[in-house]
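Novice: This is the structure I have questions about; it appears just below.
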Amino acid sequence: MNRQILPQLPSARTFQAPNVITDVGADGAVLVRSGIELPPHPPSLPHMFFETAARYPARTFMRQRCSNDGNWIEITYEEALAKVRAIAQWLLNDGAQAGDVVAILSGPSIEHALVMLGTQVAGLAAAPLSVAYSLLSTDHVRLKDCVAKVSARYVFADQATPFAKALLALREHNPGLRFILGNGTVDGIAAHSLDSLTAVPVTADVERAMAGIGPLSIARVMFTSGSTGSPKATPQTHECMVVTVAQMEALGLLDFAGEGPQHLEAMPFSHIMAGNFNFNNVIRAGGTIHIDEGKPTPALISKTIANLREVSPHFFITVPAGYAMLCDAMEDDAELRQSFFKNLRYMGFGGALMPDHVAARLRRMAHATRGEEVPIFSFYGATEFLFGALQYWNSPNMHVIGLPLPQVEMKLAPVDGKHELRVRSPALMPYSGYIGESIPYENIFDADGFYRTGDAVRWCDPARPEEGLVFDGRIAEEFKLISGTFVCVAPLRSDLLSACGSLVQEIVICGLNEEWIGALIWLNEPVARQLAGDTAAGWTRAQLARTPAVTDALKRHLARHNAGNPGSSRQVRRALVMSEPLSYDANEVTDKGTASQMIVRTRRADDVRRLYQGAAAPDLIDL
């Protein structure tokens, strides 16, 4: 790599050192909390936005590519504030009441942000929905279910054409819905244009509505990923929003030396990382959100890379697979490295473990470009409590999920030989629980009001709790082999995906009451076709799953994993390469894009049976 040193990070020393206080309860559970104090914060997200707009009116709030020519279009805080207030006024004029819900179908966009903020200023709740429910589904069952659960009064989409089928499905399901469209029209849908909303004269009603917002007023309804069935509607209060921002301030993550941080956003606003952490924190710091039309996938990562040549982010957050692809692009591209690391204060990841070799590549390139490391932080959270733990110090151990954030209490409760992580926090959803569900309180919270995460954790070093907690699998997903050996599914899946690299898109782990572990494997089709050669361009998925070039490569990757993991709880003895894609409509895919392990194993029982009992075949890999 060409070496060109950029100026050192000016405020790297302002991050907090790990801080943890532990105690042991009468029931043997370990109680864990942070000793870091929480700073003062605004009473609500709208108040925070208004404060920032008054402080930095001319700063750019958001930018996105124009669909016609690809140039950036942007909006300042002052311009956004005027539109947000007008949207709130229109909702109030239309008779909207505090607590009404606006369902938002779109991905991240300027229009999405304006409607979300306008909704909250009026005292309503915004419910951003996974775009997959509208664009990837054929029956729109999840979409209709989500909108019905929250009794949404309004539905917004920023583009008419892509969402036309979804909008028509919703209208048929509930003719009383009120529709708002950012651009275009849909035959058969009587919709209000966003331009008509932002042209409404604003009155004192808006300020009165804002004055009525309290800490426990519902700001957003976020849906769980659907990993165990239908997504659950999770209410999040304004206190949840502003406390999470204050936690990041307490840790020094929003100290950008007076600069407005630049952030490149590819994740959907229906996820807590993009919709809560990134969005709210950039507003608090008076920064700019640049919408990235790319994704951490082989087909779309090139768009992210092109944007990173123009946008030098102050912090960057993506999934580990995204970092692996970014490393591939930066390795021999000094210009891209310099643009990426120029302002970068920290990198973050969540959703899966960061492979050590990917972290090592990032550190090596940061050193070559900056002359020092850029910290890599791990985020642990859930829709129900936003962010509970964060590895906010520069640890060499990528398996650490962190320590509790300020004012977050954690309980490590003994369950089946492990410790379930339970969380109590001012960012926790109300104890009334999920909207539209009849789940007993004790199934969600324990007797002390801690949320039952279902995640197992352990100490990185039991003698040194300041080194943090390590994810130890999903209790509900784990199973025993016939020998009684526990299989920790989540870490094994993550390690197998890392071992197989870009060739594999998803893996489902099998073996309940069997003698050994098996795996169902879904290929990353573009990579597999490239590996199979020119003749594979027109092949079906079934043909691709049986080609020796692909299966031999998979066998090498899996054998390499097995060589480093000799125990029966870690070794894969047989794999079946799947040809039928995972189904959104059958709930096999969560809105995070990952497979729902239990649902897939149940729905594909015949494939699991073939995995263990089937005769040798080209798409079966024996190890």
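The values are calculated or read from the model by the stated rules, or taken from the named source; none is laboratory data. Every value quoted in this text rests on a predicted model; they were computed, and no experiment measured them. Because the Cβ atoms are built from the backbone with ideal geometry, glycine has one as well, and the counts that use them run over all protein chains shown.
Novice: Go through 215, 235 for me and flag whichever is in a loop (DSSP other than H, G, I, E, B), in contact (Cβ under 8 Å) with a residue 24 or more places away in the chain and of a type outside the set (Val, Ile, Thr).
Specialist: Of 215, 235, the one residue that is in a loop (DSSP other than H, G, I, E, B), in contact (Cβ under 8 Å) with a residue 24 or more places away in the chain and of a type outside the set (Val, Ile, Thr) is 215.
Novice: Anything in segment 476-513 that is closer than 23 Å to residue 419 by Cβ and hydrophobic (A, V, I, L, M, F, W, C)? List them, or say none.
Specialist: 476, 479, 481, 486, 487, 488, 489, 490, 492, 509, 512
Novice: Looking at (1) buried (at least 22 other Cβ atoms within 10 Å of the Cβ); (2) under 30 Å from residue 342 (Cβ atoms); (3) in contact with a helix residue (DSSP H, G or I) (Cβ under 8 Å, 6 or more places away or on another chain), which one does residue 256 not meet, given that it meets all the others?
Specialist: Of the numbered conditions (1) buried (at least 22 other Cβ atoms within 10 Å of the Cβ); (2) under 30 Å from residue 342 (Cβ atoms); (3) in contact with a helix residue (DSSP H, G or I) (Cβ under 8 Å, 6 or more places away or on another chain), the odd one out for residue 256 is (1).
Novice: In segment 135-186, how many residues are in contact with a strand residue (DSSP E or B) (Cβ under 8 Å, 6 or more places away or on another chain) and assigned to a helix (DSSP H, G or I)?
Specialist: 7
Novice: Moving on to the next point. Go through segment 125-154 and give me each residue that's basic (Lys, Arg) and under 17 Å from residue 225 (Cβ atoms).
Specialist: Of everything in segment 125-154, those that are basic (Lys, Arg) and under 17 Å from residue 225 (Cβ atoms) turn out to be 142, 149.
Novice: When residues of segment 338-382 are filtered for being within 27 Å of residue 427 (Cβ to Cβ), of a type in the set (Ser, Thr, Tyr) and in contact with a helix residue (DSSP H, G or I) (Cβ under 6 Å, 6 or more places away or on another chain), how many remain?
Specialist: The qualifying residues number 0.
So that you can scan it fast, the table gives a plain yes or no per residue for (1) modelled with pLDDT of 95 or more; (2) within 22 Å of residue 224 (Cα to Cα); (3) of a type in the set (Asp, Glu); (4) part of a loop (DSSP other than H, G, I, E, B):
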{"residue": "362", "(1), (2), (3), (4)": "yes, no, no, no"}
{"residue": "373", "(1), (2), (3), (4)": "no, no, yes, yes"}
{"residue": "388", "(1), (2), (3), (4)": "no, yes, no, no"}
{"residue": "414", "(1), (2), (3), (4)": "no, no, no, no"}
{"residue": "419", "(1), (2), (3), (4)": "no, no, no, no"}
{"residue": "423", "(1), (2), (3), (4)": "yes, yes, no, no"}
{"residue": "428", "(1), (2), (3), (4)": "yes, yes, no, yes"}
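Novice: For residues that are in a loop (DSSP other than H, G, I, E, B) and either surrounded by fewer than 18 Cβ atoms within 10 Å (Cβ to Cβ) or among the aliphatic types (A, V, I, L, M) (or both), tally how many sit in segment 114-134.
Specialist: Total satisfying the criteria: 4.
Novice: Filter segment 69-96 down to the residues that are of a type outside the set (Asp, Glu) and either at pLDDT below 95 or in the same structural domain as residue 295 (by TED's automatic domain parsing) (or both) and list them by number.
Specialist: 70, 71
Novice: Then there is this: Could you run through segment 96-152 and say how many residues are out of contact with any Leu (no Cβ under 9 Å at 6 or more places or on another chain) and among the acidic types (Asp, Glu)?
Specialist: Residues in segment 96-152 being out of contact with any Leu (no Cβ under 9 Å at 6 or more places or on another chain) and among the acidic types (Asp, Glu): 2 in total.
Novice: Name, by its number, the condition in (1) of a type outside the set (A, V, I, L, M, F, W, C); (2) closer than 23 Å to residue 247 by Cβ; (3) part of a loop (DSSP other than H, G, I, E, B); (4) without any contact (Cβ under 8 Å) to a residue 60 or more places away in the chain that does not hold for residue 70.
Specialist: Here residue 70 meets the rest and fails (2).
Novice: Restricting the search to segment 422-469, which residues are surrounded by fewer than 19 Cβ atoms within 10 Å (Cβ to Cβ), farther than 14 Å from residue 232 by Cα and of a type in the set (Ser, Thr, Tyr)?
Specialist: Hits for segment 422-469 are 431, 441.
Novice: Let me ask something additional. Got a number for residues in segment 92-113 being in a helix (DSSP H, G or I) and farther than 22 Å from residue 143 by Cβ?
Specialist: Looking only at that region, the number is 3.
Every residue, every condition in (1) in contact with a Gly (Cβ under 6 Å, 6 or more places away or on another chain); (2) not assigned by TED's automatic domain parsing to the domain that holds residue 315, yes or no:
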| site | (1), (2) |
| --- | --- |
| 253 | no, no |
| 257 | no, no |
| 269 | yes, yes |
| 275 | no, yes |
| 289 | no, no |
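Novice: Sticking with this structure for a sec: Which residue, of 256, 277, is at pLDDT below 95, touching a Leu at 6+ places or on another chain (Cβ under 8 Å) and not in a strand (DSSP E or B)?
Specialist: Going through 256, 277 in turn, just one is at pLDDT below 95, touching a Leu at 6+ places or on another chain (Cβ under 8 Å) and not in a strand (DSSP E or B): 277.
Novice: Here's a follow-up. Mind counting the residues in segment 19-74 that are closer than 18 Å to residue 406 by Cβ and touching a Phe, Trp or Tyr at 6+ places or on another chain (Cβ under 9 Å)?
Specialist: Residues that pass the stated criteria total 1.
Novice: Failed condition for residue 294, given (1) without any contact (Cβ under 8 Å) to a residue 40 or more places away in the chain; (2) within 14 Å of residue 262 (Cα to Cα); (3) part of a loop (DSSP other than H, G, I, E, B); (4) not acidic (Asp, Glu), with all others met?
Specialist: Against the list (1) without any contact (Cβ under 8 Å) to a residue 40 or more places away in the chain; (2) within 14 Å of residue 262 (Cα to Cα); (3) part of a loop (DSSP other than H, G, I, E, B); (4) not acidic (Asp, Glu), residue 294 comes up short only on (2).
Novice: Now a separate question. If residue 484 satisfies every condition in (1) under 16 Å from residue 513 (Cα atoms); (2) buried (at least 19 other Cβ atoms within 10 Å of the Cβ) but one, which is the exception?
Specialist: The one condition residue 484 does not meet is (2).
Novice: Among the residues in segment 164-172, are any surrounded by fewer than 24 Cβ atoms within 10 Å (Cβ to Cβ), under 26 Å from residue 211 (Cα atoms) and under 25 Å from the mean Cα position of the chain (by Cα)?
Specialist: No, every residue in segment 164-172 fails to be surrounded by fewer than 24 Cβ atoms within 10 Å (Cβ to Cβ), under 26 Å from residue 211 (Cα atoms) and under 25 Å from the mean Cα position of the chain (by Cα).
Novice: If I ask for residues that are under 28 Å from the mean Cα position of the chain (by Cα) and over 14 Å from residue 607 (Cβ atoms), which ones from segment 503-545 would you list?
Specialist: Matches in segment 503-545: 503, 504, 505, 523, 524, 525, 526, 527, 528.
Novice: Considering (1) β-branched (Val, Ile, Thr); (2) outside any strand (DSSP E or B); (3) crowded, with 24+ Cβ neighbours inside 10 Å, say which one residue 189 fails and leave the rest.
Specialist: Tallying (1) β-branched (Val, Ile, Thr); (2) outside any strand (DSSP E or B); (3) crowded, with 24+ Cβ neighbours inside 10 Å, residue 189 fails exactly one: (3).
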